[in-house]
Amino acid sequence: MKPLDGRKVRGDESRRAVLARAVDIASVNGLEGLTIGRLAAEVSASKSGVAALFGTKEQLQLAAIETARGIFTASVIDLARTQPRGLRRLCALLRSWIDYSADRVFEGGCFFFAVSAEFDSRPGVVHDAIVRAVDERDAYIAANIGHAVDQGELLDTTVSRQLVFELTALIEASNSYSLLRMSAEPYEFARRGVVSRLLASGANMTVLAEAGLVDPVPGKPGTGRP
């Protein structure tokens, strides 16, 4: 068995620690505000040391996007995967996504909401990396909407891409309004909006309540209200 290269292990650990701070900076100041010099100062490292880990500002930005993608996957998608495919997994995903934003997993709220607005009209490799991450997320939501339709849990008239767009709009708007107004109330509005949209698509109220999207009505287990 080949022995571990101590320098590589230390380098990987340093890179992870630096990227943990990088994604928080980018969530607040955007990817353009994420510079090697700024990051070095934030983590009390030399500029040359941080540059050795990433090379260029663009490579640092790409590494931050990949790190944020992994954090979102662990915080939202992996939790949802504990539920059966279809409506239950879709509900778990939406509940976890709202919680992820409300709990400020990233200092500036949702990382991808912030950087998407920053790079939506700026073509290039950074823009493309953001699009791939967002498309991956949306495809996962759409797949579970499709499973729910196939299993009779949502109406067969439900259009996956349309529903993904509407659910995403609700959650991303709650992130923006919450940050702007320093209030948690927008997340309640988003939760109610998600419930209304799923009910209109034929979702069972009991499933929504079990997922924590609906507050239970006292004395009536398995039922709830938006």
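The values are calculated or read from the model by the stated rules, or taken from the named source; none is laboratory data. Note that the structure is predicted; figures quoted are calculated from it, not measured. Quick reminder, even Gly has a Cβ in these numbers, built from the backbone with ideal geometry, and neighbours come from all protein chains shown. SASA here: full protein model, heavy atoms, side chains in, ligands and nucleic acids out. Shrake-Rupley method; radii C 1.70, N 1.55, O 1.52, S 1.80 Å.
Tabulated values for the structure
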| quantity | calculated |
| --- | --- |
| Failed item, numbered, when Ser174 is tested on (1) out of contact with any Pro (no Cβ under 9 Å at 6 or more places or on another chain); (2) within 29 Å of Ala209 (Cβ to Cβ); (3) touching a residue at least 24 places away in the same chain (Cβ under 8 Å) | (1) |
| Considering residues of the range 201-226 that are open to solvent by 70 Å² or more (accessible area, probe 1.4 Å) and either closer than 16 Å to Leu94 by Cβ or of a type in the set (A, V, I, L, M) (or both) only, the residue modelled with the lowest pLDDT | Glu210 |
| In the range 90-107, the residues that are open to solvent by 40 Å² or more (accessible area, probe 1.4 Å) and closer than 18 Å to Ala209 by Cα | Arg95, Asp99 |
| Which numbered condition Cys110 fails, given (1) open to solvent by 20 Å² or more (accessible area, probe 1.4 Å); (2) modelled with pLDDT under 95 | (1) |
| Odd one out for Val131 among (1) touching a helix residue (DSSP H, G or I) at 6+ places or on another chain (Cβ under 8 Å); (2) open to solvent by less than 70 Å² (accessible area, probe 1.4 Å) | (1) |
| Matching helices (runs of 4 or more DSSP H) fully within the range 70-189 where at least 2 residues are out of contact with any Phe, Trp or Tyr (no Cβ under 7 Å at 6 or more places or on another chain) and within 19 Å of Val207 (Cβ to Cβ) | 87-102, 125-150, 160-181 |
| Test result for Tyr187, among the aromatic types (Phe, Trp, Tyr), open to solvent by 10 Å² or more (accessible area, probe 1.4 Å) and either within 13 Å of Ser101 (Cβ to Cβ) or in contact with a His (Cβ under 7 Å, 6 or more places away or on another chain) (or both) | yes |
| Residues being among the hydrophobic types (A, V, I, L, M, F, W, C) and closer than 13 Å to Ile98 by Cα - total across the range 152-182 | 5 |
| Qualifying residue in the range 52-74 (condition: out of contact with any Lys or Arg (no Cβ under 6 Å at 6 or more places or on another chain), at pLDDT 95 or above and of a type in the set (Phe, Trp, Tyr)) | yes |
| Near pairs, Cβ below 6 angstrom, 6+ apart or cross-chain, from the range 141-153 (without any contact (Cβ under 8 Å) to a residue 24 or more places away in the chain and surrounded by 21 or more Cβ atoms within 10 Å (Cβ to Cβ)) to any residue that is of a type in the set (Val, Ile, Thr) and not in a helix (DSSP H, G or I) | Val149/Thr158 |
